[in-house]
Amino acid sequence: MWDALIINPFTNILLLIYNLLGHNFAIAIIVFTVIFRAITYPLTVQQQKSAKAMQEMQPKLKELQKKYAKDKEKLQQEQMQLYKEAGVNPLGGCLPLLLQFPIFIGLYQVILLVMAVNPLQMLNLAKHIYPWLPQLGLPQLGLLLPLSNRFLWLDLGQPDLFYILPILVVVTTYWQQKVMTPPSADPQSQAMNQQMTLMMPLMFGYFVMVSPSGLGLYWLISNLIGIAQYWLVGRPQVPAAATSAAPVKKKPELPAKKKSAAKN
């Protein structure tokens with residue numbers, strides 16, 4: 001089931017893109033990432049709408065916390081009722097991130113698979129190729145392999161020896177988590193969000209550090225696309241009441257003649 005849903009489609013798509021775009025495996029990974037982000041774009045928009053709605057609900061959530069400070073069970077009931085009335089799923093923003101995990105694991109296996117160099121590895125790779133794919137212009141594996149695995153300073157089949165890619169992944173993952181995680185009125189939830197904002201970048205940075213660089217390239221491009229989508233679609237705005245005080249009204253100034261008359 002895993003091979004049929006993840007490994008086989010990813011393998012064939014990457015090889016087809018690789019063949020169409022001048023036998024550049026890095027470009028194939030980047031195009032594959034763009035395709036995946038385009039497919040999950042509606043989920044990304046939904047995530048941003050959920051984040052915006054959560055920000056707008058913060059004043060009401062704070063009022064509920066003050067009102068039911070001594071009754072946690074009642075507080076949870078009222079919060080869930082508020083979410084229901086606003087049509088907000090507090091966990092809705094997690095779905096795009098959860099979808100990334102099987103893609104991440106599957107792409108790791110596919111990169112190791114397509115970097116076949118010996119006859120045994122090529123035979124294993126041939127088992128995952130769709131028999132009708134040559135009709136779309138894909139040549140025989142013997143003519144396609146070994147894949148070109150060099151990109152800038154990277155060997156896409158090996159970890160980054162200079163640790164530049166893991167650092168970029170940590171920075172962009174933290175940035176994406178930071179801007180896309182709405183503040184919470186609940187101190188416990190806010191503490192959990194802050195913890196996840198720190199843990200997720202470090203976890204993926206470690207994965208990239210010990211995995212093929214092609215996987216890190218996918219995650220880096222995915223982060224940059226996610227951040228760009230966030231700013232282009234429209235980031236959640238912090239309510240004006242939370243960011244600035246009410247403007248102070250100035251007394252209208254009297255004309256010069258009236259001022260002098262008043263003094264006299």
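The values are calculated or read from the model by the stated rules, or taken from the named source; none is laboratory data. The structure displayed is predicted, hence computed values, not measured ones. Cβ: placed from backbone, ideal geometry, glycine included. Neighbour counts: every protein chain shown.
Structure above, values below:
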quantity	calculated
Any chance T44 is crowded, with 17+ Cβ neighbours inside 10 Å, touching a residue at least 12 places away in the same chain (Cβ under 8 Å) and either out of contact with any Lys or Arg (no Cβ under 9 Å at 6 or more places or on another chain) or not β-branched (V, I, T) (or both)	no
Any hit, the range 61-75, residues being modelled with pLDDT of 85 or more, farther than 18 Å from L217 by Cβ and in a helix (DSSP H, G or I)	no
Hits in the range 3-24 (condition: more than 30 Å from V233 (Cα to Cα) and in contact (Cβ under 8 Å) with a residue 12 or more places away in the chain)	D3, I7, N8, T11, N12, L15, L16, Y18, N19, L20, H23, N24
Conditions (1) modelled with pLDDT under 65; (2) under 21 Å from the mean Cα position of the chain (by Cα): number failed by L220	(1)
Criterion: surrounded by fewer than 17 Cβ atoms within 10 Å (Cβ to Cβ), within 24 Å of A116 (Cα to Cα) and modelled with pLDDT of 90 or more - qualifying residue of I27, I35	I27
